[in-house]
Amino acid sequence: MDRRRVSLYQYLVIGLCALAMVADGFNTQLISYAAPLIAKEWSLTPAALGPIFSSALVGLMIGYLVLPPLSDHYGHRRLVIFGHLVLRHVHPTDRVRPGSGRLDHPAISCRDRTRRRRPERR
């Protein structure tokens, strides 16, 4: 392996990983510009959004510390599939309720919405 040259495919993989890291950093920095607009739209103080936005950074830190050893132990493929399944069911359904500054559980949010919109039966 040490005698071979780095292939075009390996450069492509390294480039895609670098692009993912740049996109992740851009996303983390972009929220600082969006926070005042979100606070104004939801009638919150910018300080109320602090715990929500800082939880994303804490999640990144925990992920960077915990996931590599798990990936080495269980295998990269299994961990990627597990992570995809978890995010598929959690990410699109969680939301922040305006005015409360807290995340709501998706099942409670869906149940509340269906109660309000369902016509009464006679």
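Things to note:
Rundown of residues vs (1) in contact (Cβ under 8 Å) with a residue 24 or more places away in the chain; (2) touching a His at 6+ places or on another chain (Cβ under 9 Å); (3) among the β-branched types (Val, Ile, Thr), yes/no style:
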| residue | (1), (2), (3) |
| --- | --- |
| Leu12 | no, no, no |
| Cys17 | no, no, no |
| Phe26 | no, no, no |
| Trp42 | yes, no, no |
| Thr45 | no, no, yes |
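Residue by residue, here is whether (1) surrounded by 10 or more Cβ atoms within 10 Å (Cβ to Cβ); (2) modelled with pLDDT under 85 holds:
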| residue | (1), (2) |
| --- | --- |
| Ser32 | no, yes |
| Ala56 | yes, yes |
| Leu65 | no, no |
| Arg95 | yes, yes |
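Residue-wise test of (1) at pLDDT 80 or above; (2) among the basic types (Lys, Arg).
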residue	(1), (2)
Lys40	yes, yes
Ser43	yes, no
Gly59	yes, no
Asp72	yes, no
Gly75	yes, no
Arg78	yes, yes
Ile81	yes, no
Val90	no, no
Arg113	no, yes
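The values are calculated or read from the model by the stated rules, or taken from the named source; none is laboratory data. Everything numeric in this text was worked out from a predicted model, so none of it was measured. Using ideal geometry, Cβ is built from the backbone for each residue, glycine included, and neighbour counts are taken over all protein chains shown.
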